[in-house]
There are 2 protein chains.
Amino acid sequence: MKKAMGPQTVLYPMPAVLVGAQVQGKPNFMTAAWCGIAAATPPAISVAIRPARFTREGISANNTFSINIPSASMVEKVDYCGIYSGHKTDKSRIFQVEYGKLNTAPLIQECPVNLECSVIHSVDLGSHILFIGEIMETYIDSDCMTAERADPVKIDPLIYTTGVRQYQRLGEFVGKAWEIGKKK
Amino acid sequence: MKKAMGPQTVLYPMPAVLVGAQVQGKPNFMTAAWCGIAAATPPAISVAIRPARFTREGISANNTFSINIPSASMVEKVDYCGIYSGHKTDKSRIFQVEYGKLNTAPLIQECPVNLECSVIHSVDLGSHILFIGEIMETYIDSDCMTAERADPVKIDPLIYTTGVRQYQRLGEFVGKAWEIGKKK
């Protein structure tokens, strides 16, 4: 039996990514779970950020940001970047940082995947601004590839599970997409 | 060592949800992985849909849609709804359908979680329209709750893993969020 629970921001799974921005001349990173792919052509990604966030300041100033996909082994640093604000805590030296094409989208070296993004839309939704970035470049650790493609087993990404507020790993294989649903 | 792979729509994890819309007087459902929470107040969710999709027609006509979170046991039906288009295949009788407050956002009874959404923004991004819906109501199966809250273990949601194109379950616990990263 279904119960109406009132409007809730429930979705399973959510990613646990690190959003990078250059703020007041330094790299800063915040953790975000409210992130999704938005389009194929141009390749685009969205991330929801509260206006008061330190990271938001850098994104608005430069119109660039990065999405860094961490490995499960990085969980302490990922959570740290979600707990402590760049307004009070200097997060510029937690990670080894590099820059790609955009110069103002700091990329976390130890994250196996980095997306370098240029803002193409920002939608003011009240509590959050939804930044939509065109993915200008994708960097993948060569140790996390198999046959020249990203290998999710090697990447070992973090899942954020809402409600119970915990991080989990990718689990058991259930089926091949575009195959298991084929009509007989 | 990092390799620049060109712009790619890479994100781990992605959900595998069923997007519901009322199209030409009937419920229709498509599978989507490009979906993310967009705001807290008002509670909002985004989903990227190609303009030519049958589901898009219904969303544009009614300004409503549903996001239905399936259990892993529903994987065949989930994949089916991603393979076959409503333009050619009547998907109105695959699931038991109910309606909530909005009348034109069909809810899949057997999905443990349903979000009933009203479109507040739609952003034309080229290949996809990003529909942003205010979450008007959330329905959760009482069998999938523990202490009056959604229980992800009972929900057993599907993860879509891009690149390798497969469905997976939630995996191993890694850490408590807002705890494991606390400074000592």
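Coordinate-derived values only; no laboratory data. Worth saying up front: this structure is predicted, and the values here are computed from it rather than measured. Note: ideal-geometry Cβ built from the backbone for every residue, glycine included; neighbour counts use all protein chains shown.
Annotations
- Applying a threshold of 8 Å to beta carbon distances and a minimum spacing of six or more residues, or different chains, the list of pairs starting in segment A:152-170 at a residue that is without any contact (Cβ under 8 Å) to a residue 12 or more places away in the chain and ending at one that is of a type in the set (K, R) reads A:R165/B:K176; A:Q166/B:K176.
- Tally of residues being in a loop (DSSP other than H, G, I, E, B), touching a residue at least 60 places away in the same chain (Cβ under 8 Å) and under 14 Å from B:V19 (Cβ atoms) across segment B:59-93: 3
- Residues satisfying the criterion are absent from segment B:140-148 (criterion: part of a loop (DSSP other than H, G, I, E, B), farther than 21 Å from A:G171 by Cα, small (G, A, S) and within 14 Å of the chain's Cα centre (by Cα)).
- Selection count, segment A:112-139, where residues are among the aliphatic types (A, V, I, L, M), part of a strand (DSSP E or B) and closer than 21 Å to B:I135 by Cβ: 4
- Test: residue in segment B:157-174 that is in a helix (DSSP H, G or I), more than 17 Å from B:A33 (Cβ to Cβ) and not hydroxyl-bearing (S, T, Y): no
- Residue selected from segment A:49-105 under the condition more than 10 Å from every other protein chain (Cβ to nearest Cβ) and charged (D, E, K, R), by the criterion surrounded by the fewest Cβ atoms within 10 Å (Cβ to Cβ): A:K88
- Matching residues, segment B:106-135, being at the interface with chain A (Cβ under 8 Å from one of its Cβ atoms) and farther than 21 Å from B:Q96 by Cα: B:I120, B:H121, B:V123, B:L125, B:G126, B:S127, B:H128, B:L130, B:I132, B:E134, B:I135
- Of the residues in segment B:146-158, at least one is in contact with a helix residue (DSSP H, G or I) (Cβ under 8 Å, 6 or more places away or on another chain), among the β-branched types (V, I, T) and within 22 Å of A:G6 (Cβ to Cβ).
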